[in-house]
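Here is the structure we will look at, set down as C-alpha cells.
The values are calculated or read from the model by the stated rules, or taken from the named source; none is laboratory data. Remember, it's a predicted structure, so these values are computed and weren't measured experimentally. Every residue, glycine among them, receives a Cβ derived from its backbone with ideal geometry; neighbour counts consider all protein chains shown.
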Amino acid sequence: MDDLGTVLMIWAHPDDETYLAGGLSRALTDAGHRVVCLTATRGEAGGTAEGLGVIRTAELESALRVLGVDEHHWLDHPDGGCAAVDPDEAAATVGAILDNVQPDSVITFGPDGFTGHPDHQAVSAWTDLAVEGATKRPRVLHAVRREHVVDRELDEDFGVFDLGPPRVCSDAELAVRLDLDDALLDRKVEALLRQESQTDALVEAVGLDRFRAWVAVESFAEPDDG
C-alpha cells in the first residue's frame, strides 16, 4: 500500500466506494495516506424510497467518516444517465479534480464496470480520458474479481452481475489483494451498514456472517491493455 501514495477513488454511486474499496480506503487512511473520493451520482434512482438521493447522500457521508475519508467530491450527474453525459465534459471535470489532488494512484472501475452497469462503464471511460490529459499521470488500478468466487449463489440470487460480468484475474495478475483482518472488516461492514437503504434488505436475507464473508477480500489490477 505504501506504493499507492495519495489515492483518488472514482466511483459512480454511493456504496460503490465501500463495496469495492472500503477496506483499502480505511487501511490507507490508517497508514496516514491521503484518500480522496469522487462520486458521479447521488444514487437517486437506486430504489423506490422518496427522496432517495438525499438519503444516500447522508448515508455516504456517514460511511466515509467510518472509512477515515474526509475529502469527497460529488459530480451530480443523473443516476442511470451517465452514459448520456458528454464524455469530454465529464472528463474535463474529473481532470480538474485530478490536477487539484495530484494523486499518485487512481482506483476505479475497468471498462466492464465490474457489474456491467452503464454508469460504471461511463465513469471508467471518463477517468481514462481525464488521466490521458492530466498534468501528472497517476497509476490507475481497476477493481476486479478473483478466480476464486466467494459466494456464487449469493451473486446469482441477487443478480449482482446480471448486466455483465467483471474482469476476472488470477492472483498473479493482481496489483493489490487485500484480505481484510477482523478490524478492517469491522470498519468496512460498519460503513456498509451506514448505507442502510442499500444493505439492510441484503443483510436481513443472508445474515450478517455471510455478508461479512462476501465482502472480506478486495482485488485490484492494472488496466488490461489487451
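Summary table below
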{"read-out": "Of all residues making up region 130-169, the number that are β-branched (V, I, T) and part of a loop (DSSP other than H, G, I, E, B)", "value": "5"}
{"read-out": "For A172: the one exception among (1) part of a helix (DSSP H, G or I); (2) crowded, with 17+ Cβ neighbours inside 10 Å", "value": "(2)"}
{"read-out": "Residue within region 189-201 that is farther than 17 Å from A63 by Cα and within 15 Å of the chain's Cα centre (by Cα) present", "value": "no"}
{"read-out": "E173 touching a Leu at 6+ places or on another chain (Cβ under 6 Å), closer than 19 Å to F114 by Cα, in contact (Cβ under 8 Å) with a residue 40 or more places away in the chain and not hydroxyl-bearing (S, T, Y)", "value": "no"}
{"read-out": "Single residue of region 94-114 satisfying the filter (touching a Leu at 6+ places or on another chain (Cβ under 6 Å) and not aliphatic (A, V, I, L, M)) that is surrounded by the fewest Cβ atoms within 10 Å (Cβ to Cβ)", "value": "S105"}
{"read-out": "Residue that is farthest from D3 (Cα to Cα) [pool: residues in region 206-226 that are assigned to a helix (DSSP H, G or I) and touching a residue at least 40 places away in the same chain (Cβ under 8 Å)]", "value": "V206"}
{"read-out": "Matching residues in region 1-37 - criterion: being polar (S, T, N, Q) and crowded, with 24+ Cβ neighbours inside 10 Å", "value": "T18, S25"}
{"read-out": "Test: residue in region 83-105 that is under 22 Å from R177 (Cβ atoms), of a type outside the set (D, E) and part of a strand (DSSP E or B)", "value": "yes"}
{"read-out": "Which numbered condition G46 misses (of (1) modelled with pLDDT under 95; (2) farther than 10 Å from P14 by Cα)", "value": "(2)"}
{"read-out": "Subset tally (residues that are touching a residue at least 12 places away in the same chain (Cβ under 8 Å) and small (G, A, S)) for region 182-204", "value": "2"}
